[in-house]
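The values are calculated or read from the model by the stated rules, or taken from the named source; none is laboratory data. Since this is a predicted model, take the numbers as computed values, not measurements. In this analysis, Cβ positions are derived from the backbone assuming ideal geometry, glycine residues included, and neighbour counts consider all displayed protein chains. Calculation scope for accessible area: heavy atoms of the full protein, side chains included, ligands and nucleic acids excluded. Shrake-Rupley method; radii C 1.70, N 1.55, O 1.52, S 1.80 Å.
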Amino acid sequence: MKVKFENIIREHQDRLYRMCRSAVFDPQYAEDLYQEVLINIWKALKRFRGEASLTTYLYRIVINTAITFNRKEKRRSQAMEKIRRLPQQVDAFTEQADQRLANLNQAIHQLPEEERWIIGMYLDSLSYKEIASVLGSNTNY
């Protein structure tokens, strides 16, 4: 049974869209789902053998497409939620890092002056030999 895509859509578009609209809450998503349904109908029509009514076949395509669409949307919305939370996580991490740095600076400033210089040079990646040279000392203690 060869059926023309345009005729099918013209005859069933209202039902198909209502099914899409009932499958998703947001009207914008219903539009997206409807477009996917049309694509899937286009692809599936060559496999239609007429064993069931065309309407039943189309409804099955809508349902299967909606299930897949909703799974994708759920994953997408979960990913978007993670992305939305990133700035807060970065801010919290930055605050923790700032607090740790302030604690480290406070601890360093409680050391005697020469030890503060040693720590500073070590944090600047100078070798022990270079630090000893700057301080006029040697590394053989």
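Below, the figures for the structure above:
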{"item": "Index of the failed condition, Phe25 passing every other in (1) modelled with pLDDT under 95; (2) assigned to a helix (DSSP H, G or I)", "result": "(2)"}
{"item": "Val62 being under 16 Å from Leu16 (Cβ atoms), modelled with pLDDT of 90 or more and touching a Ser or Thr at 6+ places or on another chain (Cβ under 9 Å)", "result": "no"}
{"item": "Filter result for Phe69 (part of a loop (DSSP other than H, G, I, E, B), under 22 Å from the mean Cα position of the chain (by Cα) and either modelled with pLDDT of 90 or more or loosely packed, with under 10 Cβ neighbours inside 10 Å (or both))", "result": "no"}
{"item": "Cβ pairs under 7 Å, 6+ apart, first in the range 12-40 and open to solvent by less than 30 Å² (accessible area, probe 1.4 Å), second not in a helix (DSSP H, G or I)", "result": "Ala30/Val24; Leu33/Val24"}
{"item": "Test: residue in the range 44-54 that is open to solvent by 70 Å² or more (accessible area, probe 1.4 Å), hydrophobic (A, V, I, L, M, F, W, C) and not in a loop (DSSP other than H, G, I, E, B)", "result": "no"}
{"item": "Residue within the range 106-125 that is at pLDDT 85 or above, open to solvent by 80 Å² or more (accessible area, probe 1.4 Å), acidic (Asp, Glu) and not in a helix (DSSP H, G or I) present", "result": "yes"}
